[in-house]
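The values are calculated or read from the model by the stated rules, or taken from the named source; none is laboratory data. In this text the structure is predicted, and so the values were computed from the model without any measurement. In this analysis, Cβ positions are derived from the backbone assuming ideal geometry, glycine residues included, and neighbour counts consider all displayed protein chains.
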Amino acid sequence: MEFRFKSFVSPRYLWSKSQSRRLCLVSVLYFGILGNHSLILAQAPSSSVVSPDQKTIQVLLERIEKLEARVAQLEASENPPAPAAPGPAPAEQPVSTPASETPMSERMDVSETLLRIRGFGDVNFHGDTQKGSPSSFTLGQLNLFVTSDISEKFKFLGEIVFEGGPDNIFGITRGSRNSFGVDIERFLLQYSHNDYFNLSVGRYHTAIGYYNTAYHHSTWFQTTEGRPFLFEFEDRGGILPIHNVGVSASGLVPSGPLGLHYVAEVGNGRSSRSPLDEEQVQNIVDENNHKAFNLALFARPKAISGLQAGFSVYHDLLTPLGSPNVTETILAAHAVFTRPRFEWLNEALVIRHAPAGISHVFQTPGFYTQVSRRFGAYRPYFRYEYVNASNHEPIFPDIGLRQGPSVGVRYDASESVAVKFQYDYTGLRRQPAINSLGLQVGFTF
Amino acid sequence: MGRVANLVLVRIAVAIAILSFAIGSLFAWSLAAERNASESLAIIVNVSNTLDSVSQDELRRIFLGERSHWANGRRITLVMMEPGRPERKALLHDVCQMNETDYSHRILHGLFTGELFVSPKTLASPMGVRKFVFNVPGAIGYVRAVDVDETVKVLRVDGRLPEAKDYPLHIEQRTMK
């Protein structure tokens, strides 16, 4: 004990009694303060902890803010008002009142582009048992989805799609097998007044049922490789007027927890195959003065998140050359339940064609059901679809009966890339059934 | 004898100091842990916004883009913090009830269908969020309750302010960096 004390209090550090006592006091104070300082730090709100360095930073930040505000003032005095779309937050002005309630400026800012472009694409490998149909790698659609916030109330939305292969309109093909074409699939100027009234003009996807407005020209969004046959595009043999050119109004219906929505559309409708290989969507000229209209009503009840159910009525007058006019009515109903992990889509519709001067009405019923469940990155799915058109159907006699299941799995390789593997069985009337396998890589960029 | 007394005194002083430091640190740690375990997430709007209170369900609809306008007709501008921020994780978990991937997919899909009129504004810092909300009358965002200042208005959620005991939105420890 004596030795240790001696070693500790070596001749070099010999202290007097008073020095030792001072050391004791200083040590107690030092460690005590150190310990309690962290206590104080913990008790105080983080914002109020200000060390000398933080004070300096605070002062510098305040100076930067003042300078930013000054720069903003100078810029405002030199340039016209800021663009309407909310861009990066401008520097906080040294004023005590917030921004005024006046609407944002509707003036155009020529100094910046307002376009946003997102791309979607897919590449496929497909093989089936049809005669004369070799297995092939196929480039799918390259979709440039373009939006622009023109102002607080106006927005542009477009889909420019580069697509390979010939058009197939009710079994009649047009164009080269390996060339690419460009289609403006959607071309819309949207006006958003409030939750109850939104207006769009241009080319849109008709609000028939659910699938057509939930999924557009991107396979990446879809669970399955392709669309149900009922909702196949017009230039891929589809039987519905998927696209329309005209005006569409939509919004909420005040209905409390029922969550009712409406869609009302008026447009040119589709051409009535005169001649058959013409563009189905009447982008420029309507072949008659009658306009197609569509009314849809659907509910998204608050009580059941993910549920949507509704119906739509579409009406048009088709005027094929050399044939009597045909009144077209499409009645559709759907009930879907979609959540991130689980989806169950059910849709049924009937297409009624009533030729003038004939009492017989041709009715083409169709439906599909699709169910899928996500397990991590994998999402197995199943779909069954059915459509049954008369062989004497005046508008699409080539469709006949098509029915069968599809099974597959989607694997999300990353947030932006999905790989799908799918088997389809398609039963046909008076023809051998078709078995097919497909592999698809869909992506967004 | 005097040296021995000194030695004892020094040892006592050192022991007290160490004990004091240990106790202080322990308290500090426990208090910090308690504070970090559950911090309130404040929902903020522009001070000119007439809305004072919002339900969790309404909040969910707003942040999922299902509501695009305030009652006065002004467009809602969503302000999100960058992915990975604890505030954003808390909002996605407590309000949107989905993870980052599902939320991104949902927003992208909403923009694609046209149902979502404008994509959310993404900002990096609470100061940026406050400034944006201050400058854009239709904006709605979120910050930690301690990051709120007088330039923005805090909304009651289900009738409660962030300092209330049973306030529903919290940045849990699991979401802390």
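Remarks
- Qualifying residue in the stretch A:221-238 (condition: under 24 Å from residue A:285 (Cα atoms), touching a Pro at 6+ places or on another chain (Cβ under 8 Å) and assigned to a strand (DSSP E or B)): no
- All positions within the stretch A:414-444 that are modelled with pLDDT of 95 or more and of a type in the set (A, V, I, L, M, F, W, C): A:417, A:418, A:419, A:421, A:437, A:439, A:441, A:443
- Given (1) within 12 Å of chain A (Cβ to nearest Cβ); (2) more than 19 Å from residue A:198 (Cα to Cα), index of the condition residue B:81 fails: (1)
- Looking at A:217, A:193, just one residue is assigned to a strand (DSSP E or B), in contact with a strand residue (DSSP E or B) (Cβ under 9 Å, 6 or more places away or on another chain) and at pLDDT below 95, and that residue is A:193.
- Counted residues, the stretch B:127-146 - those being under 13 Å from the mean Cα position of the chain (by Cα) and free of Cβ contacts under 8 Å to residues at least 40 places away in the same chain: 1
- From A:366, A:442, residue being under 20 Å from the mean Cα position of the chain (by Cα) and either farther than 23 Å from residue A:324 by Cα or of a type outside the set (Asp, Glu) (or both): A:442
- Elements of type strands (runs of 3 or more DSSP E) in the stretch A:298-376, at least 2 residues being surrounded by fewer than 17 Cβ atoms within 10 Å (Cβ to Cβ) and not aliphatic (A, V, I, L, M): A:326-338, A:342-355, A:362-373
- Residue within the stretch A:276-283 that is within 14 Å of chain B (Cβ to nearest Cβ) and not in a strand (DSSP E or B) present: no
- Given (1) in contact with a Gly (Cβ under 7 Å, 6 or more places away or on another chain); (2) assigned to a strand (DSSP E or B), number of the condition residue A:203 does not satisfy: (1)
- Checked against (1) within 14 Å of chain B (Cβ to nearest Cβ); (2) under 29 Å from residue A:439 (Cβ atoms); (3) touching a Gly at 6+ places or on another chain (Cβ under 9 Å), residue A:228 passes all but a single condition, namely (1).
- When the stretch B:84-109 is filtered for residues that are within 13 Å of chain A (Cβ to nearest Cβ) and closer than 20 Å to residue B:153 by Cα, only B:95 remains.
- Residue satisfying all of: in the stretch A:412-425; surrounded by fewer than 19 Cβ atoms within 10 Å (Cβ to Cβ) and away from chain B (no Cβ under 14 Å); farthest from residue A:380 (Cα to Cα) among these: A:425
- The lone exception for residue B:168 - which of (1) at pLDDT 90 or above; (2) surrounded by fewer than 19 Cβ atoms within 10 Å (Cβ to Cβ); (3) more than 15 Å from the chain's Cα centre (by Cα) it fails: (3)
- Any hit, the stretch A:171-185, residues being among the aromatic types (Phe, Trp, Tyr), in a loop (DSSP other than H, G, I, E, B) and modelled with pLDDT under 85: no
- Qualifying positions in the stretch B:156-177 - among the aliphatic types (A, V, I, L, M), in contact with an Asp or Glu (Cβ under 7 Å, 6 or more places away or on another chain) and within 18 Å of residue B:53 (Cβ to Cβ): B:169
- Selected residue (criterion: surrounded by the most Cβ atoms within 10 Å (Cβ to Cβ)) from residues of the stretch B:89-111 that are more than 28 Å from residue A:145 (Cα to Cα) and charged (D, E, K, R): B:89
- The one condition in (1) out of contact with any helix residue (DSSP H, G or I) (no Cβ under 6 Å at 6 or more places or on another chain); (2) crowded, with 22+ Cβ neighbours inside 10 Å that residue A:251 fails to fulfil: (2)
- Pairs with Cβ under 6 Å, 6+ apart, first in the stretch A:131-159 and farther than 19 Å from residue A:186 by Cβ, second among the charged types (D, E, K, R): A:151/A:106; A:152/B:75
- Inspection of the stretch B:97-116 identifies at least one residue that is of a type outside the set (A, V, I, L, M), touching a Gly at 6+ places or on another chain (Cβ under 9 Å), at pLDDT below 90 and under 27 Å from residue A:211 (Cα atoms).
- Selection status of residue B:50, within 16 Å of the chain's Cα centre (by Cα), closer than 24 Å to residue A:151 by Cα and without any contact (Cβ under 8 Å) to a residue 60 or more places away in the chain: no
- Test: residue in the stretch B:112-127 that is surrounded by fewer than 21 Cβ atoms within 10 Å (Cβ to Cβ), among the β-branched types (Val, Ile, Thr) and out of contact with any helix residue (DSSP H, G or I) (no Cβ under 8 Å at 6 or more places or on another chain): yes
- Listed by first and then second residue, the pairs linking a residue in the stretch A:292-309 that is within 18 Å of residue A:244 (Cβ to Cβ) to a residue that is part of a loop (DSSP other than H, G, I, E, B) and among the small types (Gly, Ala, Ser), with Cβ atoms under 7 Å apart and 6 or more places separating them unless they lie on different chains, are A:292/A:269; A:294/A:207; A:296/A:207.
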